[in-house]
Amino acid sequence: MLETLELVVNGEPRSLDVEPRTLLVHALRDGLGLTGAHIGCDTSQCGACTVLIDNRAVKSCAVLALQAEGAAITTIESLAAHGEMHPIQRSFIENHGLQCGFCTPGLILAAADLLSRDPEPTDEAIRHAIRGNLCRCTGYQPIVESIRAAGAALREEASR
Amino acid sequence: MIPAPVRYARASDVAHALELLAEPESKVVAGGQSLIPVMRLRIARPSLVVDISRLELRGVEIRGDELHLGPLTSWDELLEAAELRCPGLAAIGECAHGIGDLQVRNRGTVGGSLAHADPASDMPAVLLALGATLKLRSPKGDRVIPLAEFVLGPFTTALHAQELIADVVVPLPAPGSGSAYVSVEHPASGFALAGAAALAGPDGALRVAVTGITTQPFLLGDDPEEALEAAEIFGDRFAPVDYRRELAAVVVRRACESAVARAKGGS
């Protein structure tokens, strides 16, 4: 029993047929081929599947695809523009904010939500914002540094 | 895992939602932060999910001497609400700040948390201390129930199958009141091992509620120490009974001190 789902993904209207039980992460990965949203756990704890729904970070494994009808979804695939990495992506590379990279799309999108409302967060605010994203490689400190530096880069970009 | 097969219906208004809920094995979904994970584990296998997330039951509003929280208001919206930035209501934002994580706070709702009735959920303790009542709506009409009578046990409430939480009503604390929420969380799950909410009145009177230590959040009554002694506290490998009782006493004391300080300081 398939139902048609219409949503706007990375700025483009998309339509696909899903079962009512289909989770948003599966609709994105299997239906639209956007495999940047990762599946790292079975319990909605790891945050690797984080995407933005209407600019807010959400675990796409804890949302039924049909619940997102009409919403604007942003996945990691859309962050780089015109062949240029997004400042948050660049900052993660420059500050060693990733090793294996599995958790990185989710962390970057959680950071994007944070920095969109708090352009100059304290380290405490950064740690609070990434609580829902597990990383098993870095020990988090380089991630905090990456997000702090990304905030500075975005502020500089905005002031130009 | 993927949830078991289910049908999905998006309610267009409250009456439509109630009509859909006539189906015996139906389940309401709003933010889905409690329901979807348990559907994935197949602990919950509803035949129909009724999505109420687009209904107009959202928002924070002060009307007369009451605060109204729309049940679909997210934790994040509670955090942003200017109406809650006064000492008497400070516990609400303080509690919302610590709930789940960024992603959960963006989607999870106050009504969903109340209806889910997890024995370790934080906000019910705050709303108990603030003396909240719930307005419930069914095809038979509305009824009002104190929150203390709404939560019946772990994951069990007085909500009928064909009934929705329509409003969460908090009497505005008298000027000069202060409130606070303090918890000690399990470091991995984030759920409270013990949490306490306190409302201190301008005359120094305290109303205290605790969560995470028994089958449900509850009000401590006039003698908090005695109430904690008498409580049938739940123990597990993370926090055995004696440790949890000790922890409860600590968070109760801290919540009371913080509430009293806010009442005095007006901040």
Residues of segment B:1-52 classified as within 19 Å of B:Ser121 (Cβ to Cβ) and of a type in the set (S, T, N, Q), total: 2
Inspect all residues belonging to segment A:76-96 and state whether any of them is within 12 Å of another protein chain (Cβ to nearest Cβ) and without any contact (Cβ under 8 Å) to a residue 40 or more places away in the chain. no
Residues that are buried (at least 24 other Cβ atoms within 10 Å of the Cβ) and among the β-branched types (Val, Ile, Thr), drawn from segment B:178-207: B:Val182
Here are some residues: B:Arg45, B:Arg63, B:Arg7. Which one is away from every other protein chain (no Cβ under 14 Å), surrounded by fewer than 20 Cβ atoms within 10 Å (Cβ to Cβ) and free of Cβ contacts under 8 Å to residues at least 60 places away in the same chain? B:Arg63
Enumeration of residues in segment A:40-57 that are within 7 Å of another protein chain (Cβ to nearest Cβ) and either touching a residue at least 24 places away in the same chain (Cβ under 8 Å) or of a type in the set (Gly, Ala, Ser) (or both): A:Ser44, A:Gly47, A:Thr50, A:Arg56, A:Ala57
Within 27 Å of A:Arg127 (Cα to Cα) and of a type in the set (S, T, N, Q): is that true of B:Ser138 in this structure? no
Restricted to segment B:223-246 and to residues being surrounded by 11 or more Cβ atoms within 10 Å (Cβ to Cβ) and charged (D, E, K, R), the residue farthest from B:Ala205 (Cα to Cα) is B:Arg244
Can you find a residue in segment A:7-25 that is surrounded by fewer than 20 Cβ atoms within 10 Å (Cβ to Cβ), on the phi > 0 side of the Ramachandran plot and within 14 Å of another protein chain (Cβ to nearest Cβ)? no
Against the conditions (1) over 28 Å from B:His68 (Cα atoms); (2) in contact (Cβ under 8 Å) with a residue 40 or more places away in the chain, where does B:Val241 fall short? Just the number, please. (2)
From (1) closer than 21 Å to A:Asp54 by Cα; (2) open to solvent by less than 20 Å² (accessible area, probe 1.4 Å); (3) away from chain A (no Cβ under 14 Å); (4) not β-branched (Val, Ile, Thr), pick out the condition that doesn't hold for B:Gly32. (3)
Does B:Val50 satisfy being of a type in the set (Val, Ile, Thr) and either open to solvent by 30 Å² or more (accessible area, probe 1.4 Å) or more than 18 Å from B:Gly108 (Cα to Cα) (or both)? no
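Filter segment B:157-189 for residues that are polar (S, T, N, Q) and touching a residue at least 40 places away in the same chain (Cβ under 8 Å); which is farthest from B:Glu25 (Cα to Cα)?
B:Ser177
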Taking the criterion of being among the β-branched types (Val, Ile, Thr) and over 14 Å from the mean Cα position of the chain (by Cα), would at least one residue in segment A:88-104 satisfy it? yes
Hits in segment B:66-85 (condition: open to solvent by less than 50 Å² (accessible area, probe 1.4 Å) and within 17 Å of B:Gly176 (Cα to Cα)): B:Leu67, B:Leu84
Segment B:100-126 - residue that is free of Cβ contacts under 8 Å to residues at least 60 places away in the same chain and under 11 Å from the mean Cα position of the chain (by Cα) and, of those, farthest from B:Ala209 (Cα to Cα): B:Val110
Quick one: in segment B:10-21, of everything that is open to solvent by 40 Å² or more (accessible area, probe 1.4 Å) and over 10 Å from B:Val50 (Cβ atoms), which residue is nearest to the other protein chains (Cβ to nearest Cβ)? B:Ser12
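The values are calculated or read from the model by the stated rules, or taken from the named source; none is laboratory data. In this text the structure is predicted, and so the values were computed from the model without any measurement. We place every Cβ from the backbone using ideal geometry, glycine too, and count neighbours over all the protein chains shown. We work out accessible area using only protein heavy atoms, side chains counted, and drop any ligands, DNA or RNA first. Shrake-Rupley method; radii C 1.70, N 1.55, O 1.52, S 1.80 Å.
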